[in-house]
Amino acid sequence: MQEILWRIRPELVIETGVAHGGSLILSASILELIGGPGQVVGIDIDIRPHNRAGIEQHPLSRRIHLIQGSSTAAETLDQVRRLATGKRPVLVVLDSNHTHDHVLEELRLYGPLVTPGSYLVVFDTVVEQLPEVEFKDRPWGPGNNPMTAVRQFLRESADFVIDEEVEEKLLITVAPSGYLRCVRGAAGGS
């Protein structure tokens, strides 16, 4: 992610799934090193008060905008679209609910916000390759996860391709086939 952020130099990074805020801080840190107006939007259905406080007290909090709500809710998407207006490049990272249906809906909703040449990164596609016993307390697992959603999304959309070059640099990743480069407007894209 660090290398992608440095290369793309996004004005806006949209991340679904906040948890403790570590990836928001990482993105904000890289954007700070790059300089310029880069911002990070973090979306989560439940931003716990202690996590919000920690993020808002961080020295780079001026680069972070938190939205509490479902990433697939119309009112959340409206807020994100307003924040994305006029921003280029825009990069999206999906890391919230890992069920097939939820990730597929996020892909369909947030894919159009990604600018050509930038990325739509889908984390935890590795769930498809792990034993079902690893997810006994979760609604996702093999056959119902981010990887299955990515596969369906790529059948529906010619706007994205798996960036195999990124994946070939990684020895281990939680996002195999999850680094999707936007080719909209390029040869092979729509």
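The values are calculated or read from the model by the stated rules, or taken from the named source; none is laboratory data. Remember, predicted model here, so these are calculated numbers, not experimental data. Only protein heavy atoms, including side chains, enter the accessible area calculation; ligands, DNA and RNA are left aside. Shrake-Rupley method; radii C 1.70, N 1.55, O 1.52, S 1.80 Å.
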The chain, Gaussian network, Cα under 10 Å: of 114, 174, 133, the residue fluctuating most is 133
Here the Cα Rg-to-2.2 N^0.38 Å ratio for the range 16-99 is 1.05
The answer for the chain, accessible area per residue at 1.4 Å probe in Å², is 49
Of the accessible area of the chain, computed with a 1.4 Å probe and all protein chains kept, carbon and sulfur make up a percent value of 52
Along principal axes, largest first, the alpha-carbon spread of the chain in whole Å comes out as 43, 40, 36
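Given the chain, what percent of its DSSP beta bridges are antiparallel, to the nearest 5? Write down the numbers at each step before the final one.
Numbers: 7 of 25 bridges.
Percentage antiparallel, nearest 5: 30.
Summing -39500 (n - 2.57) over the DSSP H runs of n ≥ 4 in the chain and dividing by its residue number, what mean residue ellipticity at 222 nm do you reach, to the nearest 500 deg cm²/dmol?
On the way: 7 runs with 68 residues, N = 190.
So the helix-based figure for the chain works out to -10500 deg cm²/dmol.
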